[in-house]
Amino acid sequence: MSICQVSKVEKWYPMSTQISVGLHGKLPQQADFVTRHLPLSFTTGWDEWMQRGLQTSQEALGNRWLEVYLTSPVWRFVFSSNIVDQQVWAGVMVPSVDKVGRYYPLVLAQALPGDALPTAPLLTSSDWFQLLEALAIRALQGSLQWPLPLAELEQELARLPPLQAPRSAASGKWEAGRPLALFQQQDLNPVHAYPYLLHEMLGQRYPAYSLWSSAGSERVSPVHLISGYLPSPQCYTSLLGGEWSQHGWSTPLDVISPLAFSLNTCNNTHDIQNE
C-alpha cells in the first residue's frame, strides 16, 4: 500500500497583526462606490464577477429581482489563492444600495498570505465573521452617522482583530488515487486535521476554490457552498434567493444538523486574475 505524507498539522496562529479589513461597494449614504483598504486586484476581480452575476440574476428573476435581492442573506466567504490574486481572502457580503438607488452589494474583506489554509476560517473564526457582519449591517442602517463618515467607519475597521488561520504548507504532494497519511502533534485535537484534509481533497478537484456560508434568510435556508473558482453567473442567482437546482447547483446531501451542504456543478473554469 502506498502512503504519501501531504502535510503536518501544526498549532494555529495569527497570520499577521498588521493586515486590515477593507470594504468595497455601495452604501445608502454615499452617491457612488466606496473603497477602503482593498487592492485593485481584489476590487477589479470582484466587480467583474459581481457584474456578471447581477446581470444574469436580473435576467433569470425578471420583475422579482429587486425583492429577492433586498431580502437576500448575508454571506461569509473564503477564496483560495489564484482566484482574484495570489492571496487568500475572507470576508462577508451583504445586499446594499447607494444614495441614488443603484443596487450593489457591500463587501468587507481581509487578505491572508497565499499559503493560508482556506478551509480553516469558516470553521474556527465564527466570532470574527460575526464582527464583520455586525459592522456591515450598522453601516447599512446608518448608525455610524454618515456623512462623517468614512473616518468613523475606517476606525471601526481598524479596531477589528486580525483573522487567524494556519498555513497549508505541505511537505509532500498527494498523488491522485493514492492513500493519504496526515501527521499532527500529539497534543492537538484530531478535529484540527479536518480542514487540512478538506483542502487536500478540494485541491484534487479544483485548481482554486471558494467557500461560502450563510445563516439564511426568508428565502434561503442555512447552507454551505463549495465552488471551483467563484460561482458562475447562473449559480450566483441562488445566492440571492435559493432555488438551487434551478440555477445549476448540485445538492447531494439531505439537510444535516444544523446546516445544509451544497456542491456546485456549474463552477467557473478560469481564474479572474488571468483574464
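Computed from the coordinates by the stated procedures, all read-outs in this text should not be read as laboratory data. Predicted model, so just to flag it, every value in this text is computed and none were measured. Backbone-built Cβ (ideal geometry, glycine too); neighbour counts: all protein chains shown.
Is the C-alpha gyration tensor of region 54-104 telling us rounded, prolate or oblate? Criteria: a/c under 1.5 is rounded; beyond that, a/b larger than b/c is prolate, otherwise oblate. It is prolate, given that a/c is not under 1.5 and a/b is the larger ratio. Please give the net charge around residue 22, taking every other residue with its beta carbon less than 11 angstrom from that of residue 22, where Lys and Arg add +1 and Asp and Glu add -1. Neighbourhood net charge equals 0.
In this structure, the amide hydrogen of residue 244, modeled 1.01 Å from its nitrogen in the peptide plane, lies closer than 5 angstrom to no residue at least 5 positions away or on a different chain. Assuming R0 = 30 Å, what is the FRET efficiency of residue 31 and residue 243, from their Cβ-Cβ distance, to the nearest 0.05? The calculated FRET efficiency here is 0.35. In plain terms, the chain from residue 71 to residue 154 could stretch by 27.2 nm, reckoned as 0.36 nm per residue minus the Cα-Cα distance. Derived scalar couplings between HN and Hα for region 204-212 equal 6, 9, 10, x, 8, 8, 10, 10, 10 Hz in order, rounded to whole Hz, by the Karplus curve 6.51 cos²θ - 1.76 cosθ + 1.60 (θ = phi - 60°), x for Gly and Pro. Using θ = phi - 60° in the Karplus curve 6.51 cos²θ - 1.76 cosθ + 1.60, the 3J(HN,Hα) couplings for region 78-94 round to 9, 9, 5, 5, 6, 10, 9, 6, 7, 9, 8, 10, 9, x, 9, 10, 10 Hz; x is entered for Gly and Pro. Using a cut-off of 14 Å between beta-carbons, work out the net charge of the residues near residue 247 (Lys and Arg +1, Asp and Glu -1, residue 247 not included). Residues near residue 247 contribute +1 overall.
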